[in-house]
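Undergrad: This is the structure I have questions about; it appears just below.
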Amino acid sequence: MTDNITSVGGGSRPDTGVSALKGRTGAGAPAETRGKTTIADGVVAKIAGMAAREVPGVHSLGAGMARAFGAMRERVPGGGGGVTRGVKVEVGERQAAVDLDIVVEYGVSIVDVAGGVRTNVISAVERMTGLEVVEVNIAVDDVHLPDEEDSEPAEGRVR
């Protein structure tokens with residue numbers, strides 16, 4: 001079975017934004033292939049962000065200013081979550097590329113963490129979307145030290 005994947009909608013290129021998985025049609029085609037499935041860039045970004053955060057040694061995602069603005073946005077009702085903070089994706093016809101900005105914990109091997117992030121992101125995106133991930137670019141923007149306070153206070157903390 002071969003699905004055709006096309007893109008429609010906004011994005012950095014005219015053909016990016018939402019990928020459409022088109023199945024075969026007709027009475028002879030299997031039920032699971034009849035019709036079209038569309039996957040928005042934001043869906044791929046959320047999957048990649050969640051998969052990256054699952055890797056031990058990743059403290060957070062996002063560069064310094066993005067983390068600061070994201071922390072403020074999360075405190076505003078309706079401001080949206082930070083799942084896609086530090087994640088950029090480009091979705092083509094059959095493929096996706098992912099760019100991540102991460103902060104690692106002090107003492108971990110950055111090479112090992114980056115390898116784990118790549119493996120987990122590729123596995124999750126390909127398994128959940130059917131798109132081929134051609135690259136996962138990782139920028140390590142900071143190292144979180146054990147004695148540094150998080151910019152995001154713990155839930156339930158009273159000030």
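Undergrad: May I ask you to list pairs of residues, at least six apart or on different chains, whose Cβ atoms are under 7 Å apart, with the first in segment 25-41 being surrounded by 13 or more Cβ atoms within 10 Å (Cβ to Cβ) and the second being among the basic types (Lys, Arg) and part of a loop (DSSP other than H, G, I, E, B)?
TA: Thr33/Arg24
Undergrad: When residues of segment 104-135 are filtered for being free of Cβ contacts under 8 Å to residues at least 40 places away in the same chain and either touching a His at 6+ places or on another chain (Cβ under 8 Å) or assigned to a strand (DSSP E or B) (or both), how many remain?
TA: Going through segment 104-135 one residue at a time, the tally reaches 4.
Undergrad: Do we find that Thr119 is at pLDDT below 95 and not charged (D, E, K, R) in this structure?
TA: So Thr119 does not fit the description; no.
Undergrad: I want to confirm something. Restricting to segment 89-114 and keeping residues that are open to solvent by less than 30 Å² (accessible area, probe 1.4 Å) and of a type in the set (Gly, Ala, Ser), which single residue is modelled with the lowest pLDDT?
TA: Restricting to residues being open to solvent by less than 30 Å² (accessible area, probe 1.4 Å) and of a type in the set (Gly, Ala, Ser), the top hit is Gly92.
Undergrad: Name the single residue, out of those in segment 50-72 being touching a Gly at 6+ places or on another chain (Cβ under 7 Å) and closer than 15 Å to Val121 by Cβ, that is modelled with the lowest pLDDT.
TA: Filtering first and then ranking leaves Leu61.
Undergrad: Listed residues Thr37, Thr16, Thr84; which is assigned to a loop (DSSP other than H, G, I, E, B) and at pLDDT 65 or above?
TA: Result: Thr84 is the single residue among Thr37, Thr16, Thr84 that is assigned to a loop (DSSP other than H, G, I, E, B) and at pLDDT 65 or above.
Undergrad: So which residues in segment 115-139 are surrounded by fewer than 15 Cβ atoms within 10 Å (Cβ to Cβ) and under 16 Å from His59 (Cα atoms), if there are any at all?
TA: Across segment 115-139, the qualifying residues are Gly115, Ala139.
The values are calculated or read from the model by the stated rules, or taken from the named source; none is laboratory data. Since the structure is predicted, the reported quantities are computational estimates derived from the model, not experimental observations. As a convention, Cβ positions derive from the backbone with ideal geometry for all residues, glycine included, and neighbour counts pool all protein chains shown. For accessibility, only protein heavy atoms count, side chains too; no ligands or nucleic acids. Shrake-Rupley method; radii C 1.70, N 1.55, O 1.52, S 1.80 Å.
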